[in-house]
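> Below you'll find the structure I mean.
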Amino acid sequence: MSENKGTVVQVMGPVVDVEFPTGKLPLIRDAIWVSLNGERAVMEVAQHMGNNTVRCIMLSPSEGLGRGMEAISTGGPISVPVGEKVLGRMFNVLGEPIDEKGEVATKEKWPIHRQPPRFEDQSPVVDIQETGIKVIDLLAPYARGGKIGLFGGAGVGKTVLIQELIHNIATEHGPVFQLLIGQLKDSDGKLRIVQNLQGPLGGNLSGVIVVIAEHQLLGIPAQKPGLFLSQRRAHGRFRNLS
């Protein structure tokens with residue numbers, strides 16, 4: 001099957017217009033990639049503009065992208081690996097492993113755009129997620145299935161807290177635990193989490209799936225809105241729960 005190639009015709013920060021040949025227009029939410037600085041930069045189709053042109057949202061920095069560059073449609077939405085092989089691994093929101101343990105040996109991938117769970121499959125009760133950290137469970141309990149933001153300067157313990165959450169929750173509530181980290185400002189925090197997963201505690205944490213929006217992908221929030229759209233969709237798609 002030949003590749004569906006288009007041409008970048010306009011770049012407006014994270015918004016990119018790509019023109020394709022007649023009859024080969026990608027569908028909404030399809031992934032398109034371009035070769036930028038020697039790496040694959042991914043964008044997602046957001047709108048059909050007419051005249052064989054699609055408007056896309058970049059999921060990585062667009063610096064260096066220009067008119068006339070070749071863009072290739074993947075023929076489908078962003079997909080992430082699922083199955084037992086993803087347990088104990090770390091990924092970015094594009095489904096690419098970032099733990100330096102090689103590619104995931106799984107044949108099945110799920111698109112991040114899927115129908116939500118049926119209403120009868122959802123729990124209407126808000127439960128407390130016990131973390132095993134007394135000050136959190138007593139003064140600021142976390143809601144199970146909710147979102148938590150950690151704010152603080154350098155060296156105050158944000159990454160340590162994340163590591164403790166991974167260990168306590170995965171050990172107590174295993175065998176499978178998923179953690180989505182919105183952003184790590186540097187690679188040092190990611191490295192410490194990798195060492196935690198691969199260190200002496202690795203036997204207890206083999207069921208953990210960590211998804212991190214890396215700094216080089218996320219960048220400044222105001223400049224990369226596309227990644228925030230895919231961040232929620234990617235969470236929970238890594239393990240086949242059917």
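> Exactly one of these conditions fails for ARG29: (1) in contact with a His (Cβ under 8 Å, 6 or more places away or on another chain); (2) in contact (Cβ under 8 Å) with a residue 60 or more places away in the chain; (3) outside any loop (DSSP other than H, G, I, E, B). Give me its number.
With respect to (1) in contact with a His (Cβ under 8 Å, 6 or more places away or on another chain); (2) in contact (Cβ under 8 Å) with a residue 60 or more places away in the chain; (3) outside any loop (DSSP other than H, G, I, E, B), ARG29 is out only on (3).
> Follow-up. Quick one: which of GLY76, GLY64, GLY145 is in contact with a Leu (Cβ under 6 Å, 6 or more places away or on another chain) and either in a loop (DSSP other than H, G, I, E, B) or of a type outside the set (Val, Ile, Thr) (or both)? Full working, then the answer.
Values: GLY76 fails: in contact with a Leu (Cβ under 6 Å, 6 or more places away or on another chain); GLY145 fails: in contact with a Leu (Cβ under 6 Å, 6 or more places away or on another chain).
Matching residue, one of GLY76, GLY64, GLY145: GLY64.
> Next question. Determine whether PRO116 is more than 25 Å from the chain's Cα centre (by Cα) and exposed (fewer than 11 other Cβ atoms within 10 Å of the Cβ). Walk me through it before giving the result.
Numbers: more than 25 Å from the chain's Cα centre (by Cα): no; exposed (fewer than 11 other Cβ atoms within 10 Å of the Cβ): yes.
No; evaluated as a whole, the condition is false for this residue.
> Something else about it: For a quick check of your reading of the model, give me the residue pairs whose first member lies in the range 34-62 and is without any contact (Cβ under 8 Å) to a residue 60 or more places away in the chain, whose second is of a type in the set (Ser, Thr, Tyr) and open to solvent by 20 Å² or more (accessible area, probe 1.4 Å), with beta-carbon atoms closer than 6 Å and at least 6 apart or on different chains.
Cβ pairs passing all conditions: ASN52/THR22.
> I'd like to verify a number: residues in the range 51-61 that are open to solvent by 20 Å² or more (accessible area, probe 1.4 Å), part of a loop (DSSP other than H, G, I, E, B) and not polar (S, T, N, Q), how many?
The number of residues fulfilling the criteria is 1.
> OK, next. Which of the residues spanning the range 12-45 are open to solvent by less than 50 Å² (accessible area, probe 1.4 Å) and of a type in the set (A, V, I, L, M)?
Scanning the range 12-45 gives VAL15, VAL16, VAL18, ALA31, ILE32, VAL34, LEU36, ALA41, VAL42, MET43, VAL45.
> From the set of residues in the range 149-177 that are modelled with pLDDT under 80 and open to solvent by 90 Å² or more (accessible area, probe 1.4 Å), which is nearest to GLU84 (Cα to Cα)?
PRO175
> Do you know which residues across the range 8-17 are out of contact with any Lys or Arg (no Cβ under 8 Å at 6 or more places or on another chain) and part of a strand (DSSP E or B)?
Correct list: MET12 only.
> Among all residue pairs at least 6 apart or on different chains, which show Cβ distances below 6 Å where the first residue, located in the range 77-88, is modelled with pLDDT under 85 and open to solvent by 10 Å² or more (accessible area, probe 1.4 Å) and the second is in a loop (DSSP other than H, G, I, E, B) and among the hydrophobic types (A, V, I, L, M, F, W, C)?
These pairs meet every condition: LYS85/VAL104; LYS85/ALA105.
The values are calculated or read from the model by the stated rules, or taken from the named source; none is laboratory data. Please read all numbers here as calculations on a predicted model, not as lab measurements. In this analysis, Cβ positions are derived from the backbone assuming ideal geometry, glycine residues included, and neighbour counts consider all displayed protein chains. Ligands, DNA and RNA are excluded from the accessible area calculation, which covers all protein heavy atoms including side chains. Shrake-Rupley method; radii C 1.70, N 1.55, O 1.52, S 1.80 Å.
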